[in-house]
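Worksheet: the structure to be examined is printed underneath.
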Amino acid sequence: MGTDINNLNMYKSITKICLVAILLFVFQLTITAQPIGSQIKVGTDSHISYWNGSAWVSVVPVSGLPGQSLQFVAGVPSWINNPNGITTTIVTDIQGNTAVSGGNILSDGGSLIIARGVCWNMTSNPTIADSYTVDGSGIGSFSSQLTGLIPATYKIRAYATNANGITAYGNELSFNTSVPIPPFSDLQGNSYQALHIGSQVWMAKNLQVETYNDGVTIFRPFTTSQWLNDLTGAYAYYGDNLSNVALNGLLYNFYAVETNKLCPTGWKVPSNSDWDTLANYMGGAAVAGANLVNQTAFNPIAAGWRDEGGTYFGIDALGYWWSSTPGNSVAAFARQMEGGTSAVTTSLNTVAGEFNKGYSVRCIKVGKVANVTTASVNPASITSNSALASGNVVSDGGATVNKRGFCWSIGGTPTLNDSYIVLGDGLGAFNFVISGLMPNTTYNIRAFATNSSGTVFGNLESFTTLIAPPTIGDFYQGGVIAYILQPGDPGYIAGETHGLIASSFNLSMDAVWGCEGTSVTGADLPAIGSGNQNTIDIVNGCSTLGIAARLCADYSEMGYSDWYLPSKDELQKLYISRNSIPGFNNGIYWSSTEYGIQDAEVLNFLNGMQYYYAKNSSNVSVRAVRSF
């Protein structure tokens, strides 16, 4: 009994020891399983978390933008945008379907840049899952050619992909690929070019009109006193020298600006907000002047200004442009750019100008123009005098398209000053068969669309009309076309033009058919297409010189020597077309169709009757034909 108790006590002791050991083991496992330091994990929400020594901390991407990189600072991870210092180059050379941009990469972040370029879409935050270019590798600046665009507003960013497969992105820009606006004029006939900059459309030179857009003449003060005291619209030539106008435009006071009639119809003096939009798009006010000069055709001439006392300052050194936004009762917002000999090169600063100062004016398009595309002309639709044109108004620019259609010209860039047709209004695809064209001629064509902001044109397309198919009466291949084969005729081929050409004069008016009393084997075929074989058989079977068939076989004109005496049915086609073919008389003409031993078929061109004549009869005319 004592032994059993001892055994039981020993068993309990061992059990306690085991339990303690197990608890210690589990505790040790728990300790060693806890993350230490900056260990990280990916959670079910796809966020990365790190262990800060006591708890898991989620590392949320900044604004959820793609292209961020995970950076460790003192062992703590964080997401950062644009780790490579990527900037997107302002978009230039914008056409209907192409543009030029690029970027600059300041750092590779410790991992080789294996691909770089730009990416774009029509929404926002473009990535390399959208359209993109590949423009080399490594850090530094690069240029990108964008292709395959349509007239629309795009978003674009530069990107860089490193050797770890991480792609980072630069700043986002927008640009509009609306096709270039053709030159336009003010009421005095001064011509202006326009250009798209971002979502805006600007004049490419300073305004120089001396009348409002309603035809009223703007006052030009001739004395400094008149300029100082004028409270209505006025303009001046810099230095009162007319020769300055062509390059620099005119200087206007703000009273002319606030009439809202200074710019051509469909244009306006930009507001201060419009100028802000331009400056921001061009990289900010501090560099906008330089970027406008170096990257666009804005051509911001430093035209100087006239102060309120009438004195002129700053030509070739400073440029001032009015906004339409007054700051108070005596001054309005304007923009100033410092420049060199002919154009500004630095900033685009906001200044205040008293109403009776003289500043330049640069107009901006009112609203947005429509977007229209021209389709390539389907070659299958082109004939010698027509072609099917197709276009598509893809956007109305925010104003109803009240007119659309096509314009075309031989060479050059067609406008509404050339041939054109209006085909309704509104959005969507449209087409039209343009007829009355010249054969074998290259035409240029553009679709156009007009809304309240003006007329825009689609991309330029070209096509060449076919060579005109020959018709009866045409001089062609050594003679005159006498007949075009029709369905059912021997030798007719659908889609091809074949027929008979008659010599342009009679080869004889008194030749005999020959070999009267002798049958010429094979020379009795009457159908269209059989005259040539008849002629061969006659020449081989009748040795008489000067016979009608031999005259035709020996005839040659313009290098064509395959002439023959027409068969009975071919001769009848010549009679039908006789008024379109020169030189026929009202006499009798031989055919190559033998009637018998003594006779051959003839046709009387006086009355169209067909009968037979003795083979050795004279006073019968001969007209050669050939097939084409």
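Bear in mind that the values in this text are calculations on the coordinates, not laboratory data. These figures come from a predicted structure and were not determined experimentally. Backbone-built Cβ (ideal geometry, glycine too); neighbour counts: all protein chains shown.
Mind listing the phi-derived Karplus ³J(HN,Hα) values for the range 392-408, rounded to whole Hz, using 6.51, -1.76 and 1.60 with θ = phi - 60°, and x for any glycine or proline?
Here the 3J(HN,Hα) series is 8, 8, 8, 7, 8, x, x, 9, 4, 6, 9, 7, 8, x, 9, 10, 8 Hz.
Give me log10 I(q)/I(0) at q = 0.06, 0.07 Å⁻¹ for the chain, Debye formula, one equal scatterer per alpha-carbon, no solvent.
These q points yield log10 I(q)/I(0) values of -0.63, -0.72.
Of G478, S567, N356, which is farthest on the positive side of the dipole of the chain, counting Cα position, with +1 on Lys and Arg Cβ, -1 on Asp and Glu Cβ, and the Cα centre as origin?
N356
Quick one: check the C-alpha center-to-center distance for the range 410-474 versus the range 297-316, whole angstrom.
The range 410-474 and the range 297-316 have Cα centres spaced 44 Å from each other.
Between R220 and I576, how many nm apart are label points set 7 Å from Cα along the C-beta direction?
7.4 nm
Could you pull out the pairs from K205/K403; K205/K268; K268/K403 whose alpha carbons sit more than 19 Å apart here?
K205/K403; K268/K403
From the gyration tensor of the Cα coordinates in the range 122-261, what semi-axes in whole Å does the equivalent ellipsoid have, largest first, with each one equal to sqrt(5λ)?
Its equivalent ellipsoid spans semi-axes of 48, 16, 14 Å.
Counting only DSSP beta bridges with both residues in the chain, tell me the antiparallel percent, nearest 5.
About 95 percent, rounded to the nearest 5.
List the chymotrypsin sites (Phe, Trp or Tyr not before Pro) within the range 151-244 that DSSP assigns to loop and that have no more than 15 neighbouring Cβ atoms inside 10 Å.
Those that pass, being in a loop and sparsely packed, are F222.
Alpha carbons only, please: Rg and Dmax for the range 481-594, in angstrom.
Here Rg and the maximum Cα pair distance are 14.0, 45 Å.
Nothing charged except the Cβ atoms of Lys and Arg (+1) and of Asp and Glu (-1): what's the magnitude of the dipole of the chain about its Cα centre? Round to the nearest 20 debye.
Using Cβ point charges on Lys, Arg, Asp and Glu, the chain gives about 1840 debye.
At R0 = 41 Å, how high is the FRET efficiency between D418 and T147 if r is their beta carbon distance? Nearest 0.05 is fine.
0.90
Normalised by the residues of the chain, what does the relative contact order come to in percent, with Cα pairs under 8 Å and at least six apart?
The value is 7 percent.
Which of the listed residues, G284, Y132, T415, is farthest toward the dipole's positive end in the chain, when Lys, Arg count +1 and Asp, Glu count -1 at the beta-carbon?
G284
How large is Rg/Rh for the range 185-344, to two decimals, with Cα atoms and a Kirkwood Rh?
So for the range 185-344, dividing Rg by the Kirkwood Rh gives 0.93.
Work out which helices of the chain, taken as complete DSSP H runs, extend at least 30 Å along their axis over the Cα atoms and score a mean Kyte-Doolittle of 0.5 or more, then list them.
Sorted by number, the helices that extend far enough and score high enough are 2-33.
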